[in-house]
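Chemist: One structure coming up, written as structure tokens, with questions to follow.
The values are calculated or read from the model by the stated rules, or taken from the named source; none is laboratory data. Source: prediction; values computed, not measured. Every residue, glycine as well, gets a Cβ built from its backbone with ideal geometry; the counts of neighbours run over all protein chains shown. Ligands, DNA and RNA are stripped out before the accessible areas are found, and what is left, the full protein with its side chains, is counted by its heavy atoms. Shrake-Rupley method; radii C 1.70, N 1.55, O 1.52, S 1.80 Å.
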2 protein chains.
Amino acid sequence: MSQVKILLDESEIPAHWYNVVADLPNPPAPPLGPDGKPIDPSALAAIFPQPIIEHEVSRERWIAIPDPVREIYRQWRPTPMFRARRLEAAIGTPARIYYKYEGVSPAGSHKPNTAVAQAYLNHIAGVRRLTTETGAGQWGSALAMAGRMFGIEVRVFMVRVSYDQKPFRRSMMETWGAEVIASPSSHTRSGRRILDLDPESPGSLGIAISEAVEEAVSRDDTKYALGSVLNHVLLHQTVIGLEAKRQFEKAGDYPDVVIACCGGGSNFGGTAFPFLADKAAGRKVRLIAVEPESCPTLTRGHYAYDSGDASGLTPLMLMYTLGHNFVPPSIHAGGLRYHGDSPLVSQLCHEKIVEAVAVPQLATFESGLTFARSEGIIPAPESNHAIRAAIDEAIACKRSGEPKTIFFTLSGHGHFDMTAYDRYLHGELEDISYPADAIAAALDQLPKVAPS
Amino acid sequence: MSQVKILLDESEIPAHWYNVVADLPNPPAPPLGPDGKPIDPSALAAIFPQPIIEHEVSRERWIAIPDPVREIYRQWRPTPMFRARRLEAAIGTPARIYYKYEGVSPAGSHKPNTAVAQAYLNHIAGVRRLTTETGAGQWGSALAMAGRMFGIEVRVFMVRVSYDQKPFRRSMMETWGAEVIASPSSHTRSGRRILDLDPESPGSLGIAISEAVEEAVSRDDTKYALGSVLNHVLLHQTVIGLEAKRQFEKAGDYPDVVIACCGGGSNFGGTAFPFLADKAAGRKVRLIAVEPESCPTLTRGHYAYDSGDASGLTPLMLMYTLGHNFVPPSIHAGGLRYHGDSPLVSQLCHEKIVEAVAVPQLATFESGLTFARSEGIIPAPESNHAIRAAIDEAIACKRSGEPKTIFFTLSGHGHFDMTAYDRYLHGELEDISYPADAIAAALDQLPKVAPS
């Protein structure tokens, strides 16, 4: 039988996370305060405990993964990598396609990789309560589960459109004991401000972040946890790429192209950064971030200082942004509905070290169906973006005859997204055109700070 | 770190299925025709292809698993076995609890173990179209996926109450390209007969089987596939127990108690039969089938010849039954709503080689929540029955101080059952009392055939 599944032993769970900051050609731009001056890391202490801040600002290349985190990782890590032979046959490509499947975690996505780490780091700092935001529900589920493992109470502000579209993600978080609130909500000033402007607001990650941050700042017993964007989140996700590299060694192969979907950037960063270390050392490998056409941060945004949330509560970060007031259209890939992007991914994109492409919604579901019908696994709509790009690469190989090695991360399963598949199968799903006017208006409102 | 996950290599996927018939103290009773006389295996040819019939009637102890089946097994097999250390700690038991997790399959349950085998065996026999029934949707999903892998068209009759409660299971089957019809339907005489009596009928596995069998009998291009009950189905599921035994060897342990939920018997048989081989050889191990109190086939049924479906289209089988006209209450563990049970499991239960217990619905969800909050995985309601029994054993160990080894199969995840969890969490779920009158009435209508 030809090999399809490349497994690692438990002992091969990485002992360290990889910090890409150590290998950047240029140092990252500092976050700025409202006065336009670089903030001191201690300013983050209002919302993050000290061990998280240390991960956020570290320049060390390798950071040890604490044993209690690895202990819980072992519930699902190392995750399997597959050679997608049936998908290759369905496309008729000479390319070799591999994917790493993060949907095997109890929460069904890559998010627990950082949720468990963050819950543990809060736990050792004595934190007993966390607030957070969630888009599609993958991050909220992950933190609900991770919080429960370390006895931490979790309140999740869930983007309204996902709250309505995905009631079962809410039930899942509640099953793990978390409290879930639709955002925008009347619980916070940030939420009320949005509801005053638009009582029917579908919400956005930016708004939900504002609500969660506001509550953490205003309550002594509560810290905040973020599921993407920030350096420490991407750091924790590098277990994906580190394991993948080891799996490629076992398979006796190496990718020409590494692909991951990109919303806030944690799945992409976690997948691509460990390969970037090879690239920095001279190895030829393309790294492609895939985003939705309706929320095309890396491909159409401005590279500018902007706030990470809708209300401007976070420090200003230098990143690709569509403007923090932009509310992305209600596509089904809720995890990719974010106005900004990880500063690290943005910098690497700006410096042309990583590439970005934007794909339309229908094409992503078409790919998801092809994948489900050949490989068996039904992917999350976010992951369908990566599959689309991988299939496009494979089709290009079919035309050129090149037997390239294509690798992508299948970041999660689609079990909570069957409404979207149902709509696609019944012809009710539409492409959402590029929201040019809304983005232009939001970009006009960027904070007036020049990049340093 | 203490071991929590016991993995096998791909090469350790069993090469053979184990046929318990070879080790039974008494030969199985033959299926009977409507005339009360043993039927010839060739009579099954109207609904099954020859390779399936061979598996059904074989007396060989070991039957080789064809390479193309093992090739697809490798997508998720060998499945992981876990030492449930966090659950043990939550209970405070000296017992060692292990579970084998079948929810890692793309369909989310153990069902693909036989679905893939059946699709392949039909494929090599030239069958291009299959009908089947599904309760909770786990079997239908599995066959939809497996059919797609071998280019076989699949029509699924889905029990009405599950069709309504679990629209996303339907979407999942459609995503894999199957056609899904709520049962009872107007497509068949069997369905129309039930609808005439009760237009609001919630349906049952027995009714859906009638519909699927009727269509297979009446169409030359179509065969039928069953997800449980029959010998060949249990045979294919023995990969679960065979892998588990190997995993126990690796862990340096052996179970005192083996537990699995039991509806039609395939999960229980697949889990327990390989251990029964050890028991037959003198090893001490208890094998416990767990069923719902509202559909207590093994614990309250009659051991008698009865039909496998509601309309009496199947041969008569000697089994524990509540009467083929009994429509089980609409509990959330749809996969356990079957009036009968596997003849092999029934015989072993009748001969006191395996044990059976019945548990009430609320207690199963309480256990499921305890499990989710300690181990992370959210179980299917069917699997919660096994968890309940395992926790009861662990509590008994706590009282007695005995450090027993308890093993159960976690047959599937609960991602499509969040409605049920939601209802449980909000106090809307109820215990359903033993439907004594309905069962008594159905038992009165058993076919008048004396056990041979």
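Chemist: Go through B:TRP176, B:TRP139 for me and flag whichever is within 20 Å of the chain's Cα centre (by Cα), aromatic (Phe, Trp, Tyr) and within 25 Å of B:ARG70 (Cβ to Cβ).
Modeler: Sole residue among the options that is within 20 Å of the chain's Cα centre (by Cα), aromatic (Phe, Trp, Tyr) and within 25 Å of B:ARG70 (Cβ to Cβ): B:TRP139.
Chemist: Among the residues of the stretch B:212-226, how many are in a helix (DSSP H, G or I) and open to solvent by 10 Å² or more (accessible area, probe 1.4 Å)?
Modeler: Residues meeting the conditions: 4.
Okay, residues lined up against (1) assigned to a loop (DSSP other than H, G, I, E, B); (2) surrounded by 24 or more Cβ atoms within 10 Å (Cβ to Cβ); (3) out of contact with any Phe, Trp or Tyr (no Cβ under 7 Å at 6 or more places or on another chain):
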residue	(1), (2), (3)
A:PRO329	yes, no, yes
A:VAL357	no, no, yes
A:LEU362	no, no, yes
A:GLU382	no, yes, yes
A:ALA386	no, yes, no
A:ALA390	no, yes, no
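Chemist: Does A:TYR254 satisfy the condition of being open to solvent by 30 Å² or more (accessible area, probe 1.4 Å) and touching a helix residue (DSSP H, G or I) at 6+ places or on another chain (Cβ under 8 Å)?
Modeler: It is true that A:TYR254 is open to solvent by 30 Å² or more (accessible area, probe 1.4 Å) and touching a helix residue (DSSP H, G or I) at 6+ places or on another chain (Cβ under 8 Å).
Chemist: For the condition among the polar types (S, T, N, Q), surrounded by 24 or more Cβ atoms within 10 Å (Cβ to Cβ) and away from chain A (no Cβ under 14 Å), what is the one hit in B:THR405, B:THR409?
Modeler: Values: B:THR405 fails: surrounded by 24 or more Cβ atoms within 10 Å (Cβ to Cβ).
None of the other options fit; the residue is B:THR409.
Chemist: Would you check if B:SER400 is more than 24 Å from the chain's Cα centre (by Cα) and either modelled with pLDDT of 95 or more or surrounded by fewer than 18 Cβ atoms within 10 Å (Cβ to Cβ) (or both)? Let's see the steps before the verdict.
Modeler: Working: more than 24 Å from the chain's Cα centre (by Cα): yes; either modelled with pLDDT of 95 or more or surrounded by fewer than 18 Cβ atoms within 10 Å (Cβ to Cβ) (or both): yes.
So B:SER400 fits the description; yes.
Chemist: Also, quick follow-up: Check whether at least one residue in the stretch A:256-267 is part of a helix (DSSP H, G or I) and at pLDDT 95 or above, and report yes or no.
Modeler: yes
Chemist: Given the conditions (1) touching a residue at least 12 places away in the same chain (Cβ under 8 Å); (2) outside the structural domain of B:THR299 (by TED's automatic domain parsing), and given that B:PRO381 satisfies all but one, which numbered condition is not satisfied?
Modeler: Of the numbered conditions (1) touching a residue at least 12 places away in the same chain (Cβ under 8 Å); (2) outside the structural domain of B:THR299 (by TED's automatic domain parsing), the odd one out for B:PRO381 is (2).
A quick yes/no check of all residues on (1) more than 14 Å from chain B (Cβ to nearest Cβ); (2) crowded, with 24+ Cβ neighbours inside 10 Å; (3) among the aliphatic types (A, V, I, L, M); (4) within 30 Å of B:ALA107 (Cα to Cα):
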{"position": "A:LEU322", "(1), (2), (3), (4)": "yes, yes, yes, no"}
{"position": "A:ALA333", "(1), (2), (3), (4)": "yes, yes, yes, yes"}
{"position": "A:VAL345", "(1), (2), (3), (4)": "yes, yes, yes, no"}
{"position": "A:LEU348", "(1), (2), (3), (4)": "yes, yes, yes, no"}
{"position": "A:ILE353", "(1), (2), (3), (4)": "yes, no, yes, no"}
{"position": "A:GLY368", "(1), (2), (3), (4)": "no, yes, no, yes"}
{"position": "A:PHE371", "(1), (2), (3), (4)": "no, yes, no, yes"}
{"position": "A:SER374", "(1), (2), (3), (4)": "no, no, no, yes"}
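Chemist: Pairs only if they're at least six apart or on different chains, beta carbon under 7 angstrom, first in the stretch B:82-99 and more than 19 Å from B:GLU243 (Cα to Cα) and assigned by TED's automatic domain parsing to the domain that holds B:LYS250, second open to solvent by less than 60 Å² (accessible area, probe 1.4 Å) and among the aromatic types (Phe, Trp, Tyr); list them, first residue then second.
Modeler: Sorted first by the residue in the stretch B:82-99, then by its partner, the pairs are B:LEU87/B:PHE371.
Chemist: Scan A:ALA125, A:ALA136 and give me the residue that is modelled with pLDDT of 95 or more and farther than 23 Å from B:SER374 by Cβ.
Modeler: Working: A:ALA136 fails: modelled with pLDDT of 95 or more.
Going through A:ALA125, A:ALA136 in turn, just one is modelled with pLDDT of 95 or more and farther than 23 Å from B:SER374 by Cβ: A:ALA125.
Chemist: Look at the stretch A:129-186 and say how many of its residues are acidic (Asp, Glu) and closer than 22 Å to B:ASP417 by Cβ.
Modeler: 3
Chemist: Name, by its number, the condition in (1) more than 18 Å from A:THR271 (Cα to Cα); (2) in the same structural domain as A:PHE416 (by TED's automatic domain parsing) that does not hold for A:VAL104.
Modeler: (1)
Chemist: Residue under question is A:ALA272, and the condition is that it be of a type in the set (A, V, I, L, M), touching a Ser or Thr at 6+ places or on another chain (Cβ under 8 Å), open to solvent by less than 10 Å² (accessible area, probe 1.4 Å) and assigned to a helix (DSSP H, G or I); does it hold?
Modeler: no
Chemist: In the stretch B:59-100, which residues are closer than 30 Å to B:ARG399 by Cβ, among the aromatic types (Phe, Trp, Tyr) and more than 10 Å from every other protein chain (Cβ to nearest Cβ)?
Modeler: Listed by number, the residues that qualify are B:TYR98, B:TYR99.
Chemist: What is the number of the single condition among (1) open to solvent by 40 Å² or more (accessible area, probe 1.4 Å); (2) in contact with a Phe, Trp or Tyr (Cβ under 9 Å, 6 or more places away or on another chain) that A:GLU200 does not meet?
Modeler: If we test A:GLU200 against (1) open to solvent by 40 Å² or more (accessible area, probe 1.4 Å); (2) in contact with a Phe, Trp or Tyr (Cβ under 9 Å, 6 or more places away or on another chain), just (2) comes out false.
Chemist: Okay, moving on. Can you name every residue in the stretch B:308-331 that is at pLDDT 95 or above and of a type in the set (Ser, Thr, Tyr)?
Modeler: Within the stretch B:308-331, B:TYR320, B:THR321 meet the criteria.
Chemist: Suppose we filter the stretch A:156-182 for residues that are modelled with pLDDT of 95 or more, under 14 Å from A:ALA208 (Cα atoms) and buried (at least 24 other Cβ atoms within 10 Å of the Cβ); how many remain?
Modeler: Count: 3.
Chemist: Let me ask something additional. Could you count how many residues in the stretch B:170-214 are touching a helix residue (DSSP H, G or I) at 6+ places or on another chain (Cβ under 6 Å) and either within 14 Å of another protein chain (Cβ to nearest Cβ) or without any contact (Cβ under 8 Å) to a residue 40 or more places away in the chain (or both)?
Modeler: 15
Chemist: How about the stretch B:39-56: which of its residues are surrounded by fewer than 15 Cβ atoms within 10 Å (Cβ to Cβ) and at pLDDT 95 or above?
Modeler: Matches in the stretch B:39-56: B:GLN50 only.
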